[in-house]
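For reference, the structure discussed in these notes is given below.
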Amino acid sequence: MRLGHSVLALALLLPALASAHAFKTGERVPAVGINDRGELLYQQDKFSYKSWNSAQLSGKVRVILHIAGRSSAKEQNAALIEAIKAAHLPHDRYQTTTIVNTDDAIPGTGMFVRSSIESNKQQYPWSQFIVDSNGSARQAWQLEKGGSAIVILDNTAHVRYAKDGPLTQDEVQQAMKLIHELLQK
């Protein structure tokens with residue numbers, strides 16, 4: 001009988017352990033700096049990079065989208081990104097920060113991944129794109145390999161919502177509601 005209870009307890013714990021991440025509601029994201037590549041800038045028709053760190057996240061309501069450098073990871077939370085685009089959020093008070101872990105790309109595709117990021121930066125210049133060549137954010141934030149995570153921050157850079165993995169349609173609606181509420185404050 002004891003073995004049955006132990007197996008049941010383990011079965012109940014596994015989903016929580018599998019989705020464990022380092023984000024805590026009401027706190028700032030764990031500190032991380034990205035010096036190899038970093039933030040992609042597009043000025044005067046030229047791309048460049050500058051070091052980036054999580055201390056730069058305050059000042060706007062923000063969604064952090066952390067994705068592995070693969071199409072399958074990008075697709076996991078595409079519904080939220082489409083909802084954000086459709087909402088036409090105010091650029092002076094809202095920003096999407098996309099961190100692409102190119103260390104977790106399919107071998108040989110890094111050049112294509114960076115090209116896609118550059119194309120997105122041209123199309124959405126008000127958005128922030130971070131290229132993480134060493135997987136620093138994934139490690140600091142204890143995220144799953146190959147996946148996609150969403151973190152919603154208030155304008156003081158405190159976590160209001162976080163999930164490592166794809167959002168359900170209900171979670172997308174809840175996330176959008178939260179973003180709108182945070183923008184009202």
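Can you tell me which residue in the stretch 19-46 is nearest to the chain's Cα centre (by Cα), limited to those that are charged (D, E, K, R) and part of a loop (DSSP other than H, G, I, E, B)? Result: Lys24.
For the stretch 28-48, which residues satisfy the criterion of being open to solvent by less than 70 Å² (accessible area, probe 1.4 Å) and polar (S, T, N, Q)? The one that is open to solvent by less than 70 Å² (accessible area, probe 1.4 Å) and polar (S, T, N, Q): Ser48.
For the stretch 35-58, filtering for residues that are touching a residue at least 24 places away in the same chain (Cβ under 8 Å) and charged (D, E, K, R) leaves 3. Looking only at residues of the stretch 75-93 that are over 15 Å from Arg62 (Cα atoms) and of a type outside the set (Asp, Glu), we find that the one that is nearest to the chain's Cα centre (by Cα) is Asn77. Considering (1) buried (at least 18 other Cβ atoms within 10 Å of the Cβ); (2) modelled with pLDDT of 90 or more, the lone condition that Gly59 does not fulfil carries the number (1).
Residue count for the stretch 86-115 under the criterion of being loosely packed, with under 14 Cβ neighbours inside 10 Å and under 14 Å from Leu40 (Cβ atoms): the result is 1.
Looking across Ser51, Ser72, one residue alone is loosely packed, with under 14 Cβ neighbours inside 10 Å and in a strand (DSSP E or B). It is Ser51. Might you check whether a residue that is of a type in the set (A, V, I, L, M, F, W, C), part of a helix (DSSP H, G or I) and within 15 Å of the chain's Cα centre (by Cα) occurs anywhere in the stretch 94-104? No; the residues of the stretch 94-104 include none that is of a type in the set (A, V, I, L, M, F, W, C), part of a helix (DSSP H, G or I) and within 15 Å of the chain's Cα centre (by Cα). Residue pairs whose Cβ atoms lie under 6 Å apart, sitting 6 or more positions apart in sequence or on different chains, and linking a residue in the stretch 149-173 that is under 17 Å from Ala73 (Cβ atoms) to a partner that is among the charged types (D, E, K, R) and open to solvent by 10 Å² or more (accessible area, probe 1.4 Å), are Ala149/Asp164; Ile150/Lys163; Asp164/Glu144.
The values are calculated or read from the model by the stated rules, or taken from the named source; none is laboratory data. As the structure is a prediction and not an experimental result, all values here were calculated from the model. Note that we place each Cβ from the backbone using ideal geometry, even for glycine, and neighbour counts take in every protein chain shown. Only protein heavy atoms, including side chains, enter the accessible area calculation; ligands, DNA and RNA are left aside. Shrake-Rupley method; radii C 1.70, N 1.55, O 1.52, S 1.80 Å.
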